[in-house]
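Structure first, then comments.
The values are calculated or read from the model by the stated rules, or taken from the named source; none is laboratory data. Values in this document were obtained by computation on a predicted structure and should not be read as measured data. Here Cβ is always computed from backbone atoms with ideal geometry, including for glycine, and neighbour counts include all displayed protein chains. Surface areas here come from the heavy atoms of the whole protein model, side chains and all, with no ligands, DNA or RNA. Shrake-Rupley method; radii C 1.70, N 1.55, O 1.52, S 1.80 Å.
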Amino acid sequence: MSLLLIAKNRDFSSLEKALLVKDPNLDVEIWPRVENKERVHFAVCWNHPEKVLGNYPNLRAVSSLGAGVNHLLDDESLSDDIPICRLITDALQDQMAEYVLNSVVNYRLHIWDYYENKKKGVWEQKSTIPIKYSPVGIMGMGEMGTNVATLLAQQGYAVSGWSRSKKDIEGVTSYAGNNELNDFLSETKILVNLLPLTDETEGILDLDLFKKLKQPGYLINVGRGDHLVEEDLIYAFDMDYLEGACLDVFEEEPLPNNHSFWNRKQIMVTPHIAAITPAREAAKVLVENYKRAMSGMDLLYEVDRERGY
Ligand code: NAP
Ligand code: GLV
């Protein structure tokens, strides 16, 4: 029985090492060199080639190498009865909270304007936007969103969260469902997207939504690129619905060289790095789930296929 790591353009050497430290008897294979496809019982995937999973007839479970699973749910070659799980670790949650807090502070301090001014040798002082004028709204109050909301609330921000079901989190106002989306948006100046990508959430970040924020708003997208209607972001700047955006995820990744976002002053681009699980922590969860899958037990962080997350 083997555990297979599959990804395009990824160096798996540290993860392979960490997996073998955790369990020296584990048989780890790295795609595309797979000696015996029939022996693959557990696959770990990130940005994997379309339909590749159909090549492994004896899969018992599949794990994402991250928190998101849209790439696995979209793979038609994966049969419906194979459980899908994902990686959630403290490091992933902490990195995400740190990324979002930093993005919020950079916005309030006009850090990106100073960065542009430095290139031109311009000395121009701007007033820092006070915390009290910077209410943050988080779409998606799951493993990531809850941690982000808690940190921001501890820092003194007015924080709201929007999810499908109501939450009870100290210092955070909870809004739930489509009926409460407009109320949530009207309380929000800085919008953080941490929704999973599903049929319901694809394209949710559009002009109509930006119009409903406290204006002008600021967008932090750390969910998925397909949540955002990219051309609407530009219209939202033109209409002054938004004054800036910090984007970590994109419709196409890597973001193409000729994409207009690179040259937009209002947009900060990071290359999908908001939260990346360190190999040692990832190995801990993967080995546990591999063992569970081999002995027919329930998996940690199993995804509800019907819900899509
Ligand atoms: P999660 O634990 O599954 O939480 C998802 C949250 O979204 C839940 O609160 C859920 O509501 C809410 N939700 C789902 N569909 C909704 C809808 N139609 N309307 C309103 N709320 C809805 O997910 P997570 O672990 O926090 O991760 C969220 C996403 O972040 C991932 O899917 C991934 O795309 C992204 N991510 C990005 C990075 C990065 O480096 N950029 C790193 C990690 C994760 P309920 O609680 O009511 O079910
Ligand atoms: C990263 O995007 C993740 O889903 O963990």
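Key figures
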quantity: Residue in region 17-31 that is open to solvent by 60 Å² or more (accessible area, probe 1.4 Å) and within 22 Å of the chain's Cα centre (by Cα) present; calculated: no
quantity: Qualifying position, being within 16 Å of ligand 2 (Cβ to nearest atom), free of Cβ contacts under 8 Å to residues at least 40 places away in the same chain, open to solvent by 30 Å² or more (accessible area, probe 1.4 Å) and outside the structural domain of L73 (by TED's automatic domain parsing), among E231, E202; calculated: E202
quantity: Residues of region 167-189 classified as assigned to a loop (DSSP other than H, G, I, E, B) and more than 21 Å from the chain's Cα centre (by Cα), total; calculated: 4
quantity: Members of region 277-308 that are modelled with pLDDT of 95 or more, loosely packed, with under 15 Cβ neighbours inside 10 Å and of a type outside the set (D, E, K, R); calculated: M294, S295, G296, M297
quantity: Filter result for R60 (basic (K, R) and within 16 Å of ligand 1 (Cβ to nearest atom)); calculated: no
quantity: Among the residues listed as Y133, Y175, Y218, the single one being over 26 Å from F250 (Cβ atoms), crowded, with 18+ Cβ neighbours inside 10 Å and in contact (Cβ under 8 Å) with a residue 12 or more places away in the chain; calculated: Y175
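Residue-by-condition table, conditions (1) more than 16 Å from ligand 2 (Cβ to nearest atom); (2) touching a Cys at 6+ places or on another chain (Cβ under 7 Å); (3) closer than 24 Å to E180 by Cα:
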position	(1), (2), (3)
V100	no, no, yes
S103	no, yes, no
N106	yes, no, no
I111	yes, no, no
N117	yes, no, no
N147	no, no, yes
T150	yes, no, yes
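Residue-wise test of (1) closer than 29 Å to V249 by Cα; (2) assigned to a helix (DSSP H, G or I).
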| residue | (1), (2) |
| --- | --- |
| L4 | yes, no |
| R10 | yes, no |
| E16 | yes, yes |
| L20 | no, yes |
| E35 | no, no |
| H48 | yes, no |
| P57 | no, no |
| G68 | yes, no |
